[in-house]
1. As an exercise: evaluate A:Phe243 against (1) touching a residue at least 24 places away in the same chain (Cβ under 8 Å); (2) surrounded by fewer than 22 Cβ atoms within 10 Å (Cβ to Cβ) and give the number of the one condition it does not meet.
2. For region B:134-150, name all the residues that are more than 10 Å from every other protein chain (Cβ to nearest Cβ), surrounded by 23 or more Cβ atoms within 10 Å (Cβ to Cβ) and modelled with pLDDT of 90 or more.
3. Any idea which of B:Ala315, B:Ala272, B:Ala247 is free of Cβ contacts under 8 Å to residues at least 12 places away in the same chain, assigned to a helix (DSSP H, G or I) and not assigned by TED's automatic domain parsing to the domain that holds B:Phe12?
4. Residues to consider are A:Met1, A:Met42; find the one that is hydrophobic (A, V, I, L, M, F, W, C) and out of contact with any helix residue (DSSP H, G or I) (no Cβ under 6 Å at 6 or more places or on another chain).
5. Using the structure shown, decide if A:Thr17 is out of contact with any strand residue (DSSP E or B) (no Cβ under 7 Å at 6 or more places or on another chain), farther than 30 Å from A:Ala260 by Cβ and hydroxyl-bearing (Ser, Thr, Tyr).
6. State which residue is nearest to the other protein chains (Cβ to nearest Cβ) when the search covers only region A:45-65 and only residues that are surrounded by fewer than 22 Cβ atoms within 10 Å (Cβ to Cβ) and aliphatic (A, V, I, L, M).
7. Is there any pair linking a residue in region B:330-354 that is at the interface with chain A (Cβ under 7 Å from one of its Cβ atoms) to one that is among the basic types (Lys, Arg), with Cβ under 8 Å and at least six apart or on different chains, and which?
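The values are calculated or read from the model by the stated rules, or taken from the named source; none is laboratory data. The shown structure was predicted, so the numbers you read here are calculated from the model rather than taken from an experiment. Neighbour counts run over all protein chains shown; Cβ positions are idealised from the backbone, glycine included.
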Amino acid sequence: MLDNIGIIIGITLMYATPLIYTALGGVISENSGVVNIGLEGMMTLGAFVGAAVGYYMGNPWIAFLAAGAAGGLLALCHAIASVTFNAQQVVSGIAINFIGPGLAMFLSRLFFKGATMTKAIDINHKIPKPLDPIFEGLSLQDSFLAQIFNQYATVYIAFLLVFAMWFVMYKTRFGMRLRAVGEHPRAADTLGINVYRIRYICVILSGVFAGLGGAAMSLAVVSLFSPTLISGQGFIALAAMIFGNWKPQGAMGACLLFGAAQGLVVFLGGTSIRVPSQLLSMLPYLITLIVLAVFVGRSRMPKADGIPYEKGGG
Amino acid sequence: MNKRKRLLSHSFGITVISILMGFIVGAIILHRTGYNPFEAYGIMARGVFEKPKYLVQTIINSTPLILTGLSVVFAFRTGLFNIGAEGQFIIGALTAAWVGYFLKLPPVIHVVVVFFAAAIAAALWGGIAGFFKAKLGINEVITTIMLNWIAFYTQNYFVTLESFKKPDSEASYAIQNTASIVILEGWKKSQAGREWLKNHPIWRDVLKTDFNWGFLIAILIAILIWYILNKTTLGYELRAVGFNRFAAEYGGISVKKSIVASMMIAGALAGAAGALHVMGVSHKVSTLATMEGYGFDGIAVSLIAGSSPIGCILAGLLFSGLKYGGSKIQYTMNAPPEIISIIIGVIVLFIAMPRLIDAIPKAVAKIMPFVSRRRGEKHVG
């Protein structure tokens, strides 16, 4: 029984991780006032670049960073459109959701002999589990503790990033400016804050995070990219961010909830308990809807979220 | 508000330039990766126009896109962003497959019943998002994303039910023949039909596809939607809400009722797309591994259409032609067909930035002072 709980918690953490990265991307972009519905596309591109670079270079960390860079580059398109050219942000995000997966599969066909699925990365070239030696040394590798705490490095990094994001957003000058830009850009502007620059930084960072999230999927949870690998996780992360009230710690909590639903589906699939997995998978979305309805008014999005800013405009 | 207005009424010129930019960017990417863009575009064009059956296939494929495009347009006109066409399509398709299989009715009546059952179910589904927006003030983008996934898993759940699932398959039972809208379905399989078709190879090719009444119905619906939006009180009220919510309220229009009505009609349209797809092409619903994308494609269609119902017909055909023609560059020149997604994404991106397109002539003026000055004078004159 205890072991089973360990397994469920372990799977929860593993599946929540890609969502956490991506949801953090959503948090930073939307707090600066730019809706980023393109997280899905950025995540997909990141997943591909991570898997491809990992396969050809054999170094998971270079691959991980390359995925972040790819997501950031795609996010730059979103930033140019929505910050400089005042595009309607949802539309520009939708464009990103066509371009990102399109580009990922296009490049996959070029680099993997016409296949939209990359070749699997050697197990030694995946993101490592840094605590493996310790648990092995204590011969605890199959224990309850190991099920929970012996995770891929990307899992620990995700939680560190949540803390870092919270710290930057609420305890630093940059964070205060970022939130000011998302709440009331004109006031921020009059105080000498460069609204455009902050929004550019935040949107690009959101792409970097989404790219890392995709790679956390393709370099750790599995070891390759396939067209259905991400399918919708970017949107789930977006939902988690909203569920988490546009806060890093809240988004993390929501991602853990979504991860737990996934963990239960995976776990129950391996047992004789017959619960329709489809209904279980549906649960997080139902809960989000209900929570939104029940706590209506309590959820508060940044005031200027989604509204293009025009210097000197009316 | 201004921004939205701009997007709704963007001119035909911006659409044309955006489409052009999509093709230019696509050509650059193809060229950079070692494919001849002219050859690729040539193959795509021939892949649509060369044979009647290709053209028919393009028309068949455009049917759901026109309708999901209309769905997004309709919500747009009331100032709502219907990301939920995807889920509404699923609910429509699922309902159609269910009613089409379990009910036993005479031919034409069965089709009508299936169509309206699907449209009503999807209207209620869309209405949920409208209700959340109107009564609770929750952004429809958020609720529709959630509803998409709930619809997704609902379909996958129903396809596991014993009475509905065809054994040894990942799909439901096929709908009754009485609910099919495939043209001449019985005849083309009959002895006389096969005999006749043997001597008429073009018709044989055309009828080999899922040639069905769906496209015609989609066109009629597009005209109906144009009429509702532009010629009726309901349409006037919905547009007024989209134009200026507060002024509409002041003018005695119930904004809340309009929002719910708009989302319900949008849902019905996407549901109709699902119903026609099931009755005309797939005849069943299958376990979904990933979103099929009819709703998301519909968003792109609506944007390319410039939120005009009639534009949706053209944009749906363009989109379907791109996808169908684009799939052929894989076989003939081994080029990745995903270039189409990139081209479509770039088109949408440029449509999202009318300001950039406005700036293009100025930029050209800077780079090529002589050329543009001459041109500029012509324009003035």
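1. The number of the failed condition is (2).
2. First, pick out the residues of region B:134-150 that are more than 10 Å from every other protein chain (Cβ to nearest Cβ): B:134, B:140, B:144.
Then keep just the ones that are surrounded by 23 or more Cβ atoms within 10 Å (Cβ to Cβ); that gives B:140, B:144.
Selection gives B:Thr144 alone.
3. On the way: B:Ala315 fails: free of Cβ contacts under 8 Å to residues at least 12 places away in the same chain; B:Ala272 fails: free of Cβ contacts under 8 Å to residues at least 12 places away in the same chain.
The conditions single out B:Ala247.
4. Details: A:Met42 fails: out of contact with any helix residue (DSSP H, G or I) (no Cβ under 6 Å at 6 or more places or on another chain).
After ruling out the rest, the residue left standing is A:Met1.
5. Values: out of contact with any strand residue (DSSP E or B) (no Cβ under 7 Å at 6 or more places or on another chain): yes; farther than 30 Å from A:Ala260 by Cβ: no; hydroxyl-bearing (Ser, Thr, Tyr): yes.
Against the criterion (out of contact with any strand residue (DSSP E or B) (no Cβ under 7 Å at 6 or more places or on another chain), farther than 30 Å from A:Ala260 by Cβ and hydroxyl-bearing (Ser, Thr, Tyr)), A:Thr17 does not qualify.
6. A:Met57
7. The qualifying pairs are B:Pro336/A:Arg109; B:Glu338/A:Arg109.
Yes/no matrix, rows are residues, columns are (1) assigned to a helix (DSSP H, G or I); (2) more than 15 Å from the chain's Cα centre (by Cα); (3) of a type outside the set (A, V, I, L, M); (4) surrounded by 24 or more Cβ atoms within 10 Å (Cβ to Cβ):
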{"residue": "A:Ile9", "(1), (2), (3), (4)": "yes, yes, no, no"}
{"residue": "A:Met14", "(1), (2), (3), (4)": "yes, no, no, no"}
{"residue": "A:Leu24", "(1), (2), (3), (4)": "yes, no, no, yes"}
{"residue": "A:Met43", "(1), (2), (3), (4)": "yes, no, no, yes"}
{"residue": "A:Ala67", "(1), (2), (3), (4)": "yes, no, no, yes"}
{"residue": "A:Gly71", "(1), (2), (3), (4)": "yes, no, yes, yes"}
{"residue": "A:Val90", "(1), (2), (3), (4)": "yes, yes, no, no"}
